[in-house]
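*Asks:* Have a look at the structure that comes next, please.
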Amino acid sequence: MEETKQQDVKIFNQSFIQIFMINFFVMLSFYSLTVVIGPYAVNELGESQSVAGLLVGITVIGSLVARLLSGFVMQKLKTKSILFLGAAILLLSLISYVFAKELSLLVAMRFIQGLAIGLISTVTNTVVVLVIPVERKGEGISYFSLSTVIATALGPFIALLLVNAIGYRLFFILASLIGVFVLMAIFFVHEKVVNLPKKAQHQAISLKHFIEPKAVPLAVVMLIATISYSAIQSNLTFFMSEQHMASYASFFFLIYAASIFISRPFTGVLSDRKNENFVTYPCLILLIVGFILLSQVSGPFIFIISAIFIGLGFGNLQSSIQSTIVKNAALDRVGVSTSTYFILFDLAFGVGPVLLGVIAPMIGFKALFELMSIVGVVALILYYLVHGRHVSKAL
């Protein structure tokens, strides 16, 4: 009876779908342009590989800056006003790609695009909590995070397909239409539904306006796990080439995304009906085993299994940690708590490739992925210490 009642509480309401679509298209703009901008800089502008890396990373830095400020901004401005601001900035940055012929302009607009993406995605990941039924919060956040997962898989695939078919200029024109869609979609969002409660407006500015201390321990767990995953984004292609399996590298992300897409409905329900430990511990273990298998790749079978394990592990760990942080936050601190989570998440993607780029030549790619399994063990132990052992057992 209780299970039937829970299923009757609707997750996919109008506001949820609107926010889902806004987040999906914002992240689609990020992932599609990320895979295109490097080759564009090298092939069309004649820049070096190091400059191409800068153009990829500068958007993450912009996103990190926006996330740092977004918690404070959400305490001061109406949610819909922030979304409009972010969408306007995103649209202008996307249109600028069509006219960008100089490196300085390209760097500036990549940073500005990062600001817009960081601001909008932090807001959408925060306010979606308000439109998800309380008793299905974990399941709802799991479904919502698919908006990013799908963009992760479709963005690079569609972008590379279009660039090869129509060239960079026409692709940039089409990409700018994403910004138009996002701006238009925000008009239909119900302002009262997405407004967050605010405390007194005349408080002295402090670190708590930007960071939620209670969210930091779990966010650090996510930071450590994300550093391990960043090794895949920055080194998988080189490693697979070394194993004479370069053609398989691009399939990793499709298998990864499919694993998350299939498993999310189950992991979200499990978290709600039991508790977060029933999801987070298996995810960390799967991540560790996935890296061990990846480091020992010698053929397609082990490669596919490792991609599935890492997808199930890291992909579901993101939603589990995020929903746990949100669940433990006071309603007026949800925005800052979500911002704190994403600040450390982005920081890992910014620092990880740089740090691992120094380590990889010293120890080799095989040893690097073995090392990442140890990093996963560190994340597992830390989770137990800061949170897991304090969670009461489900009946």
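The values are calculated or read from the model by the stated rules, or taken from the named source; none is laboratory data. Keep in mind the model is a prediction, meaning the values are calculated, not measured. Don't worry about glycine lacking a Cβ; one is built from the backbone with ideal geometry, like all the others, and counts go over all protein chains shown. Calculation scope for accessible area: heavy atoms of the full protein, side chains included, ligands and nucleic acids excluded. Shrake-Rupley method; radii C 1.70, N 1.55, O 1.52, S 1.80 Å.
*Asks:* Take each complete run of DSSP H in the chain, measure how far its Cα atoms stretch along the helix's own axis, and keep only those covering 20 Å or more with mean Kyte-Doolittle hydropathy at least 0.0; list them.
*Replies:* Result, helices passing both filters: 14-43, 49-76, 79-99, 103-127, 146-166, 168-187, 216-242, 251-273, 277-295, 334-363, 365-386.
*Asks:* Among the listed pairs LYS10/LYS76; LYS10/LYS327; LYS274/LYS327; LYS10/LYS137; LYS76/LYS192; LYS76/LYS137, give every one whose C-alpha distance is greater than 22 Å.
*Replies:* The answer is LYS10/LYS76; LYS76/LYS137.
*Asks:* What part of the accessible area of the chain, given as a whole %, is carbon or sulfur when the probe is 1.4 angstrom? Walk me through the numbers on the way to the answer.
*Replies:* Working: 12360 of 17310 Å².
Roughly 71 percent, rounded to a whole number.
*Asks:* Determine the relative contact order of segment 272-383: mean sequence separation of Cα pairs under 8 Å and six or more apart, normalised by residue count, in whole percent.
*Replies:* Relative contact order, segment 272-383: 38 percent.
*Asks:* If N is the number of residues in segment 243-348, what value comes out of its Cα radius of gyration divided by 2.2 N^0.38 Å?
*Replies:* That works out to 1.22 for segment 243-348.
*Asks:* Round to the nearest 10 and report in Å² the accessible area of GLU212, as given by a 1.4 Å probe over the protein chains' heavy atoms.
*Replies:* 20 Å²
*Asks:* What does the accessible area per residue of the chain come to in Å², with a 1.4 Å probe and no ligands, DNA or RNA counted?
*Replies:* It amounts to 44 Å² per residue over the chain.
*Asks:* Sticking with this one: What's the long-distance tail for the chain, i.e. % of Cα pairs beyond 28 Å?
*Replies:* Tail of the P(r) past 28 Å holds 46 percent of the pairs.
*Asks:* OK, next. Excluding residues on the same chain fewer than 8 positions from LYS78, give the aspartates and glutamates whose Cα lies under 19 Å from its Cα.
*Replies:* Output for LYS78: GLU191, ASP332.
*Asks:* Using every pair of alpha-carbon atoms in segment 62-103, split the distances into 10 Å bins beginning at 0 and state the percent of pairs per bin, rounded to integers.
*Replies:* So the P(r) values, bin by bin, are 24, 44, 23, 8.
*Asks:* A follow-up question, please. Taking 1 over the mean of 1/r across every pair of different Cα atoms in segment 304-395, what Kirkwood radius in Å do you get?
*Replies:* Computed over segment 304-395, the radius equals 15.5 Å.
*Asks:* Calculate, for VAL35 and ALA88, the FRET efficiency according to 1/(1 + (r/R0)^6) with r their C-beta to C-beta distance and R0 25 Å; round to the nearest 0.05.
*Replies:* 0.50
*Asks:* So how much accessible area does HIS190 have, in Å² to the nearest 10, using a 1.4 Å probe?
*Replies:* So the heavy atoms of HIS190 present about 90 Å² to solvent.
*Asks:* Got a number for the accessible area of TYR229? Probe 1.4 Å, square angstrom, nearest 10.
*Replies:* Its accessible surface works out to 10 Å², give or take rounding.
*Asks:* Could you calculate, for segment 1-160, the ratio of the Cα radius of gyration to the Kirkwood radius, expressed as Rg to Rh?
*Replies:* 1.06
*Asks:* Rounded, prolate or oblate: which fits segment 251-307 when a ≥ b ≥ c are the square roots of the eigenvalues of the alpha-carbon gyration tensor, with rounded for a/c under 1.5 and prolate only if a/b beats b/c? Mind dumping the intermediate values first?
*Replies:* On the way: a/c = 4.27, a/b = 1.82, b/c = 2.35.
Because a/c hits 1.5 or more and a/b fails to exceed b/c, segment 251-307 counts as oblate.
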